[in-house]
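These notes are about the structure you will find just below.
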Amino acid sequence: MKTLTIALLAAVFCLPGFADETSGETGQRQADGPRPWQDKSVEYARIMSRVKWTPVADGMPRRGGHFTAGKEYTGVPYSSVKHVGRYIGFDIFLKTFLAAVENPNSVLYTENLYGKVSNAECYYGKVCSSYTSYALQCGIWYVSKVHGPRVRDGVQIVELQSAQAAQRGDIIYTPPAKKNGGSHVEMVTEVVRNDAGRVTHVRIEESRPQTTSNTLRTAKEFDAHLASRNRELYRITDLDAWRGGNRAEAFLFPNYEDDSATPQINRVLLLDRGDWVPYHKGQPVKINLMDRDDQGIQTLVIKRDGKLVEEIEHPKKGVLDRTFTTCGDYTAHCVMKGGSLSQACEFAVCELDFRLPSAKISRGTPWEIALTSDNMNAIIVYFKNSADGHDEHNVFISEADRKAGKVTIPAGVTQNADKMQVWLIGENRYGRLKIRRDLKVTD
């Protein structure tokens, strides 16, 4: 069943324009003509793979160690955050990650997901499938195992598995090396031909440890790469059919316009989760008063929906903890000693929860989930079979479902599973939150 050039803070961040890096090579030219959605996909992929950032402190985890303070990195970090952390582009803005990079007390430096969920370290990150799904304008990621024609409509295996047939927007799929092992997807972002029309180079971009990878291969190297590990070259022939109901334009995220814009990162105060970000109701909000330009802070002002919540006179530099139990959109700014106002940090406090009818569900029957939310719309119930990486389902929540406070789950969602992960995903203008519970299916 198929249910569905940023320049930031001088040299700290930079996303170069999407120029052809081989355009200076004599006798070479782009192979593909105008193909609107493929061109958009490459543009969107490069938002995440070309951004540059520099950690301001030690301790930001990556596979096998930590990112180095003061060293510039290209591309967002790799981390399979699942329901515990947040995916860059789907759960948070790119600028939220960049703001967190600038706060030495943010979750990037204080949290480590290693051992909490598999294949994860950094609290904010991307993986191969969330990278390609973001580029392909999905509302939620499709895992790598369900990118291809055995599972999805609107996609086919390219007949000639060769660089000579490759096109921008094609997907390379690497199947698991063993049963229930990990798989991988990459995107073709550039094809270069010589004056005789032969492909000379193919560029592949992907999310992999430790950040993203941008590899320009010769045609021979590309063919060797494709021939190894039983890889397959896929071509999406109908993007809407491939996405099904999972379309970015139906949601607030991904927000490509915002992700490709130049953010102004706050130099006076930042949140433990960066800036422009939602929190669960009752979750501590840690405000780091940095005053990086030493202007002197006179007052910290916190507001909810434009109304004053708290004023703190003469606060010291450092982290201030606050817990908010009233949902709403909040701001925090400082009045400086000279009377000027700092840039405001923006965040939301939201409630998101759901209730299963019981801990066990009978196979082959529809059932309902009760929804609870405040200052956030419940948008997707995501199901994942714990024993089968191909068996995942998205149930999209309608406005009528939200008004009724419940959503009906089709019988086919749990048809093949004995145990499933159930995630409720909610969204507001600052990002997404996730709640997970586990479910047993009985005959």
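The table below lists the values:
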| read-out | value |
| --- | --- |
| Low-density loop cleavage sites - trypsin sites (Lys or Arg not before Pro) in the range 73-171, where at most 15 other Cβ are within 10 Å (DSSP) | Lys116, Arg150 |
| Of Thr408, Val107, Thr212, farthest towards positive along the dipole that unit charges on Lys, Arg, Asp, Glu beta carbons give the chain | Thr408 |
| Size of electric dipole in the range 316-442: Cβ of Lys, Arg +1 and of Asp, Glu -1, about Cα centre, debye, nearest 20 | 380 debye |
| Estimated inter-spin distance, Glu232 and Glu72, nm [label 7 Å along Cα→Cβ] | 4.1 nm |
| Stretchable slack from Gln343 to Thr218, in nm (0.36 nm times residue separation minus alpha-carbon distance) | 40.2 nm |
| Under the Karplus curve 6.51 cos²θ - 1.76 cosθ + 1.60, θ = phi - 60°, whole-Hz ³J(HN,Hα) for the range 285-298, x wherever Gly or Pro sits | 10, 9, 9, 9, 7, 9, 6, 5, 9, 6, 7, x, 9, 8 |
| For the range 6-259: Kirkwood Rh in Å [reciprocal of mean 1/r, alpha carbons] | 18.7 Å |
| About the Cα centre, charge dipole magnitude for the range 224-383 (Lys/Arg +1, Asp/Glu -1 at Cβ), debye | 600 debye |
| Loop-located trypsin sites (Lys or Arg not before Pro) in the range 346-385, at most 12 other Cβ atoms within 10 Å (DSSP) | none |
| Sorted by Cβ density within 10 Å, fewest first, the residues Tyr78, Tyr256 | Tyr256, Tyr78 |
| Mean shadow area of the range 303-443 over all directions, Cα convex hull, nm² | 11.2 nm² |
| Potential extension, Thr299-Lys317 segment - 0.36 nm per residue separation minus Cα distance | 5.3 nm |
| Taking Ile435, Ile397 and counting other C-beta atoms within 10 Å, the order from fewest to most | Ile435, Ile397 |
| Average Cα contact separation per residue, the range 356-442, under 8 Å, 6 or more apart, as relative contact order % | 38 percent |
| Label zone at Gln167 (point 7 Å along Cα-to-Cβ), backbone N below 18 Å, the range 131-150 | 136-137, 148-149 |
| Stretchable slack from Asn194 to Lys116, in nm (0.36 nm times residue separation minus alpha-carbon distance) | 23.2 nm |
| Förster radius 22 Å - calculated FRET efficiency between Thr372 and Ala250 (Cβ-Cβ, nearest 0.05) | 0.50 |
| Normalised alpha carbon radius of gyration of the chain [divisor 2.2 N^0.38 Å] | 1.03 |
| Cβ-placed point charges (K, R +1; D, E -1), dipole of the chain about Cα centre in debye, nearest 20 | 1000 debye |
| Dipole axis of the range 266-350 (+1 Lys, Arg; -1 Asp, Glu on Cβ), positive-most option in Val285, Thr299, His314 | Val285 |
| Inter-label distance for Arg402 and Lys419, nm, one decimal - labels placed 7 Å from Cα along Cα-to-Cβ | 3.4 nm |
| Pairwise Cα inverse-distance average, inverted: Kirkwood Rh of the range 266-350 (Å) | 12.7 Å |
| For Ala348, distant residues with modelled amide H under 5 Å away | Val277, Tyr279, Tyr330 |
| Three-way shape call for the range 253-307 based on the alpha-carbon gyration tensor, with the a/c threshold at 1.5 | oblate |
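Taken together, the values in this text are just the output of simple stated rules run on the coordinates, not laboratory data. Here the structure is a predicted model, which means the values were calculated and not measured. Every residue, glycine as well, gets a Cβ built from its backbone with ideal geometry; the counts of neighbours run over all protein chains shown.
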